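Chemist: The structure's right below; bear with me while I get my questions together.
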Amino acid sequence: MEESPLFCPRRCGGRVFVSPDYNEGKEGQREATMRRVGYLARRGVFRGWLTEPGPEAELRKLALLECLGVYDHSLAIKIGVHFFLWGSAIKFLGTKRHHDKWLSDTENYVIKGCFSMTELGHGSNVRGIETVATYDSKTREFMINTPCESAQKYWIGGAANHATHTIVFAQLHINGRNEGVHAFVAQIRDENENVMPNIQIADCGHKIGLNGVDNGRIWFNNIRVPRENLLNLVADVLPDGQYVSMIDDPDQRFAAFLSPLTLGRVNIAVNAVYVSKVGLAIAVRYALSRRAFSVTPDGPEMLLLDYPSHQRRLLPLLAKACLMSSSGNFMKRMYVKRTPELNKAIHIYSSALKATLTWQNMTTLQECREACGGQGLKTENRIGIFKAEFDVQSTFEGDNNVLMQQVSKALYAEFLAAKRKNQPFKGLGLEHLNGPCPVIPDYLTSGILRSSNFQMDLLCLRERDLLKQFTTEVSNHLAQGKSREKALMLSYQLAEDLARAFTERTILQIFLEDEKNIPTGSLKDILGLLRSLYVMVCIDESASFLRYGCLSKENVAAARKEVMTLCSELRPHALAIVSSFGIPDAFLSPLAFDWIEANARSFGNE
């Protein structure tokens with residue numbers, strides 16, 4: 001990538017950097033993205049991505065996609081839609097006839113796939129989509145139709161310019177009966193890239209970021225697709241129109257149709273951490289070379305990172321990125337080794353981590369941008385443009401607020417099931433609910449605050465209390481005659497706090513498991529500092545510990561004070577930590593190195 005002109009390498013300050021040319025217009029960025037995809041395909045990069053089995057093969061392709069995402073979000077999304085949405089739908093919702101027909105051609109980019117789920121009028125509420133697929137038993141075909149403007153497929157990545165085929169999610173109608181949302185394969189362009197008859201495609205237009213992806217809108221005017229184009233692993237329609245399914249429960253059947261989204265959420269969560277690492281690597285390196293003001297007359301100016309206030313800005317974000325990185329890796333390992341029994345846990349974890357890690361990414365990028373001053377505004381320094389490029393992560397493949405509500409609802413269901421069956425809690429790390437309630441000391445010393453046992457006790461206590469309060473509040477609404485959905489809706493404040501408590505406890509618990517595997521020594525000591533800083537910042541930034549009585553005002557103040565102490569202890573290790581991320585220098589920016597040389601007059605016209 002550093003050598004190919006397709007990836008826009010440029011020499012600056014004696015180094016080579018690669019990043020897309022954001023000065024290109026929308027169409028130029030789109031075509032550049034597609035040329036990069038072709039370059040990678042011709043070199044066999046995608047060989048086996050859909051046809052090679054096993055966890056190791058899946059981890060390899062996930063790792064490569066993450067690396068590409070550090071270079072350019074548009075490139076990662078363009079590839080992700082083709083392989084992980086279109087390709088995963090064919091692989092995991094289809095059967096042998098679909099695999100034989102489309103998987104190899106997808107891998108080789110003979111066809112270009114997209115994923116038509118979102119509509120103008122329905123995003124998160126997939127169950128309510130309005131596109132209709134009606135079965136015609138005489139011709140043994142499905143007629144797919146867009147019945148109204150709100151049913152137009154919207155934000156479909158790849159549809160505007162390049163996609164030849166799409167997965168259409170539509171309400172299946174057979175003999176006047178609606179069998180719910182199902183997935184169908186439809187061709188939308190011919191081999192000459194002409195739009196197929198009875199299909200209309202329009203551009204979604206310029207966006208605040210991600211303009212290298214050709215998002216489009218699609219209308220279907222009673223197009224006909226063969227009966228065999230129904231992805232039929234979960235349910236099928238026999239030639240005579242009889243509807244059959246291996247899953248009797250409509251809710252479980254619907255959940256099965258949404259399964260391709262899970263991998264997308266895993267990808268998004270992990271990619272968010274990688275991008276946070278890029279931003280932090282640049283901002284920390286800059287803070288270790290940029291000086292401002294002196295504390296003594298005629299004394300040398302201080303490095304930015306030697307100011308306690310600057311440490312407080314960046315080092316807690318560094319701690320969060322490290323702990324969230326462990327969570328992302330945990331999520332990947334769980335996904336590639338998934339079993340039917342793990343599907344529910346994978347959905348809950350991926351929802352919680354996708355929301356939390358993408359929100360944190362935006363917070364991190366904003367702080368890093370500001371910490372770099374005016375230099376953070378320059379596109380070549382990456383952080384500012386990343387803010388626009390990755391903002392979309394908060395709402396695509398699941399709106400973050402909706403995902404966190406799903407987490408709280410799932411925890412509520414787990415609580416009710418355990419009580420109803422009179423069985424202990426099992427899974428999702430909820431086993432702590434089976435034991436006695438943790439007791440927090442009245443007076444917290446530095447040693448106690450840094451104790452991993454105390455940290456887990458505190459986060460478990462908050463989660464336990466919130467789960468009980470949430471369940472009680474919902475029960476009170478139910479007792480007043482409210483429906484279950486209305487009761488959950490009215491309890492949204494507790495729901496938000498509960499989902500956050502669950503996620504923060506999960507992140508800590510996963511990191512502790514990783515930390516246990518490290519032998520005693522300097523590395524383990526630094527991991528302990530990162531962990532302690534993460535927990536202290538969780539206390540400092542959330543009113544929930546005070547609001548629900550988990551900590552006294554004095555103990556919250558002690559935690560806040562400990563943040564500054566931990567930052568000062570972590571300061572000597574900041575460069576080593578960001579270097580350990582392993583991000584190639586070319587994927588950083590001139591600001592991370594000799595930024596004076598990079599801005600010399602000799603480079604003024606580059």
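The values are calculated or read from the model by the stated rules, or taken from the named source; none is laboratory data. Small disclaimer: the values here were computed from a predicted structure and weren't measured. Cβ atoms come from the backbone with ideal geometry, glycine included; neighbour counts cover every protein chain shown. For accessibility, only protein heavy atoms count, side chains too; no ligands or nucleic acids. Shrake-Rupley method; radii C 1.70, N 1.55, O 1.52, S 1.80 Å.
Chemist: Could you pull out the pairs from LYS26/LYS378; LYS277/LYS332; LYS96/LYS153; LYS61/LYS378; LYS26/LYS112 whose alpha carbons sit more than 26 Å apart here?
Modeler: Values: LYS26/LYS378 19 Å; LYS277/LYS332 18 Å; LYS96/LYS153 28 Å; LYS61/LYS378 32 Å; LYS26/LYS112 20 Å.
From the list (LYS26/LYS378; LYS277/LYS332; LYS96/LYS153; LYS61/LYS378; LYS26/LYS112), the Cα-Cα distance tops 26 Å for LYS96/LYS153; LYS61/LYS378.
Chemist: Output wanted: per-residue J couplings in Hz (rounded whole) for segment 110-116, from phi through Karplus 6.51 cos²θ - 1.76 cosθ + 1.60, θ = phi - 60°, x for Gly and Pro.
Modeler: 5, 10, 10, x, 9, 9, 9
Chemist: Now, a different point. Go ahead and estimate [θ] at 222 nm for the chain from helices alone: -39,500 (n - 2.57) per DSSP H run with n ≥ 4, summed, over the residue count, rounded to 500. Provide the component values of the computation, followed by the final result.
Modeler: Numbers: 20 runs with 293 residues, N = 606.
When only DSSP H runs of four or more count, the value is -15500 deg cm²/dmol.
Chemist: Going by amide H atoms built from the backbone, whose H comes under 5 Å of the H on THR118, apart from near neighbours?
Modeler: It is TYR154, by chain and number.
Chemist: Which length gain, in nm to one decimal place, applies between LYS26 and SER522 when the Cα-Cα distance is subtracted from 0.36 nm times their residue separation? Present the calculation step by step, with values, prior to reporting the outcome.
Modeler: Working: separation 496, 0.36 × 496 = 178.56 nm, distance 4.88 nm.
Residue separation times 0.36 nm, minus the Cα-Cα distance, leaves 173.7 nm.
Chemist: Pop out the carbon and sulfur fraction of the accessible area of segment 113-248 as a percent, whole number, probe 1.4 Å.
Modeler: Numbers: 2560 of 5640 Å².
About 45 percent, which is the carbon plus sulfur part of the accessible surface.
Chemist: Right, here's the next one. Sort 530-541, 508-519, 186-197 by packing, meaning the average of other beta carbons within 10 Å per residue, with the highest value first. Don't skip to the answer; put the middle values down first.
Modeler: Details: 530-541: 22.9, 508-519: 15.2, 186-197: 13.5.
With the highest mean Cβ count within 10 Å placed first, the list reads 530-541, 508-519, 186-197.
Chemist: Across bins of 10 angstrom width beginning at 0, how are the C-alpha pair distances of segment 113-248 distributed, in whole percent?
Modeler: Per 10 Å bin, starting at zero, the Cα-Cα P(r) for segment 113-248 comes out as 13, 44, 32, 10, 2 percent.
Chemist: State to the nearest 20 debye the size of the charge dipole of the chain about its Cα centre, where the only charges are +1 on K and R beta carbons and -1 on D and E beta carbons.
Modeler: Values: 70 positive and 66 negative charges, 129 e Å.
The dipole of the chain has a size of about 620 debye.
Chemist: Averaged per residue, what accessible surface does the chain expose to a 1.4 Å probe, in Å²? Before the final figure, lay out the partial values.
Modeler: Details: 25950 Å² over 606 residues.
Computed with neighbouring chains in place, this is 43 Å² per residue.
Chemist: Rank these by accessible area, largest first, 1.4 Å probe: TRP102, TRP359.
Modeler: Details: TRP102 15, TRP359 100 Å².
Most to least solvent-accessible, the answer reads TRP359, TRP102.
Chemist: Tell me, what % of the accessible area of segment 288-339 is carbon and sulfur with a 1.4 angstrom probe?
Modeler: Details: 1360 of 2410 Å².
Heavy-atom surface of segment 288-339 belonging to carbon and sulfur, 1.4 Å probe: 56 percent.
Chemist: At a 1.4 Å probe, what is the % contribution of carbon and sulfur to the accessible area of segment 5-108? Please list the in-between numbers first.
Modeler: On the way: 2240 of 4140 Å².
Exposed carbon and sulfur together represent 54 percent of the surface.
Chemist: Now a separate question. In whole Hz, what ³J(HN,Hα) sequence does segment 564-571 give by Karplus (6.51, -1.76, 1.60; θ = phi - 60°), x for Gly and Pro?
Modeler: Once θ is set to phi - 60°, the couplings for segment 564-571 become 5, 5, 5, 4, 5, 6, 7, 3 Hz.
Chemist: I've got another one for you. With a 1.4 Å probe and all protein chains kept in place, how do ARG464, ARG338 rank by accessible area, largest first?
Modeler: On the way: ARG464 15, ARG338 65 Å².
Correct descending sequence by accessible area is ARG338, ARG464.
Chemist: Just one of [x] 29.4; [y] 26.1; [z] 28.7 is Kirkwood radius over Cα pairs in Å calculated from these coordinates, so which is it?
Modeler: Identified label for the calculated read-out: [y].
Chemist: With unit charges on the beta carbon (Lys/Arg positive, Asp/Glu negative), name the residue among SER19, ALA41, ALA57 whose Cα is farthest towards the positive pole of the charge dipole of segment 1-61.
Modeler: Result: SER19, furthest along the dipole toward the positive end.
Chemist: Follow-up. Can you tell me the dipole magnitude for segment 433-571 around its Cα centre, using point charges on the Cβ only (Lys, Arg +1; Asp, Glu -1), in Debye to the nearest 20?
Modeler: 240 debye
Chemist: Once you place label points 7 Å from the Cα toward the Cβ at ALA41 and SER452, how far apart are they in nm?
Modeler: Calculated label separation equals 4.7 nm.
Chemist: Give me the distance between the Cα centres of segment 542-567 and segment 342-392, rounded to whole Å.
Modeler: Using only Cα atoms, the two centres lie 26 Å from each other.
Chemist: Hey, another quick one. Step through the residues of segment 447-453 one at a time and calculate ³J(HN,Hα) from phi using the Karplus curve (6.51 cos²θ - 1.76 cosθ + 1.60, θ = phi - 60°), rounding each to whole Hz and writing x for Gly and Pro.
Modeler: Each residue's phi maps through the Karplus curve to give x, 5, 4, 8, 6, 5, 5 Hz.
Chemist: If you don't mind, another one. What figure, in Å² to the nearest 10, do you get for the accessible area of LYS101 with a 1.4 Å probe and non-protein molecules left out?
Modeler: Rounded to the nearest 10, that gives 120 Å².
Chemist: With a 1.4 Å probe and all protein chains in place, put TYR274, TYR548, TYR349 in order of accessible area, largest first.
Modeler: Numbers: TYR274 65, TYR548 45, TYR349 20 Å².
Descending order: TYR274, TYR548, TYR349.
Chemist: Name the aspartates and glutamates eligible as straight-distance cross-link partners of LYS337: C-alpha to C-alpha under 16 Å, and not fewer than 8 places from it in the same chain.
Modeler: GLU52, GLU56, GLU58
Chemist: Here's something else I'd like to know. Please list log₁₀ I(q)/I(0) at q = 0.14, 0.15 Å⁻¹ for segment 266-339, using the Debye equation with identical point scatterers on the alpha-carbon positions.
Modeler: Log10 of I(q)/I(0), two decimals: -0.56, -0.61.
Chemist: Further question: Binned at 5 Å from 0, what are the whole-percent values of the Cα-Cα distance distribution for segment 433-571, short to long?
Modeler: 2, 10, 18, 19, 18, 13, 9, 6, 4, 2, 1, 0
Chemist: Put +1 on the Cβ of each Lys and Arg and -1 on the Cβ of each Asp and Glu in segment 113-248; which of GLY209, VAL244, PHE169 then has its Cα farthest toward the positive end of the dipole?
Modeler: GLY209
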